[in-house]
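Structure, as structure tokens:
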Amino acid sequence: MDHGTVGSAQSGRLLVEVREEGSSAVVTPAGELDHHTADLLREPLDDLLDKGFSRLVVDCSRLEFCDSTGLNVLLGARLKADAAGGGVHLAGMLPVVARVFEITGAETVFTVHDSVEAALADGAD
């Protein structure tokens with residue numbers, strides 16, 4: 001399995017790390033995902049999809065806040081990944097972030113896992 005870091009981006013409130021895990025890409029946003037930081041997540045997600053990664057695992061274990069703009073970034077990535085025959089899997093959501101997905105009903109359109117390892121195992125053939 002390839003554990004190499006593909007890249008990262010950071011502002012004062014959000015750090016995004018990207019790494020390849022076999023045929024999946026793992027994206028780890030850490031901090032606050034809102035209208036000020038959404039592009040820091042949108043750009044690497046779009047780049048990965050453009051490179052042919054249709055299965056994205058978003059490690060939410062370090063995501064402390066997500067507003068509607070952040071939710072829309074993830075929903076947009078999900079639509080693009082689904083169109084490419086893949087999907088966006090969310091892993092390790094903290095309760096404060098999970099609540100946003102519950103309130104909006106967005107949890108029903110994502111595959112949600114307890115951990116990144118479980119998300120990766122779910123995609124293993």
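Overview of values
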read-out	value
³J(HN,Hα) computed for each position of the range 85-90 - Karplus, 6.51 cos²θ - 1.76 cosθ + 1.60, integer Hz, glycine/proline x	x, x, x, 10, 10, 9
q = 0.15, 0.18, 0.20 Å⁻¹: log10 I(q)/I(0) that the Debye formula gives for the chain, counting C-alpha atoms only	-0.59, -0.89, -1.13
Solvent-accessible area per residue, Å², over the chain with all protein chains present [probe radius 1.4 Å]	50 Å²
Whole-Hz ³J(HN,Hα) from phi, Karplus 6.51 cos²θ - 1.76 cosθ + 1.60, for the range 52-58, glycine and proline x	x, 7, 9, 10, 10, 10, 9
Antiparallel DSSP beta bridges within the chain, percent to nearest 5	50 percent
Intensity falloff of the range 84-125 expressed as log10 I(q)/I(0), Debye formula with alpha-carbon point scatterers, at q = 0.13, 0.15 Å⁻¹	-0.29, -0.38
Mean Cα-pair separation over length for the chain, i.e. relative contact order, pairs under 8 Å, 6 or more apart, %	21 percent
Carbon plus sulfur fraction of accessible area for the chain, probe 1.4 Å, in percent	49 percent
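The values are calculated or read from the model by the stated rules, or taken from the named source; none is laboratory data. Here the structure is a predicted model, which is why all the values come from computation and not from measurement. Protein only, heavy atoms only, side chains kept; ligands, DNA and RNA dropped before computing areas. Shrake-Rupley method; radii C 1.70, N 1.55, O 1.52, S 1.80 Å.
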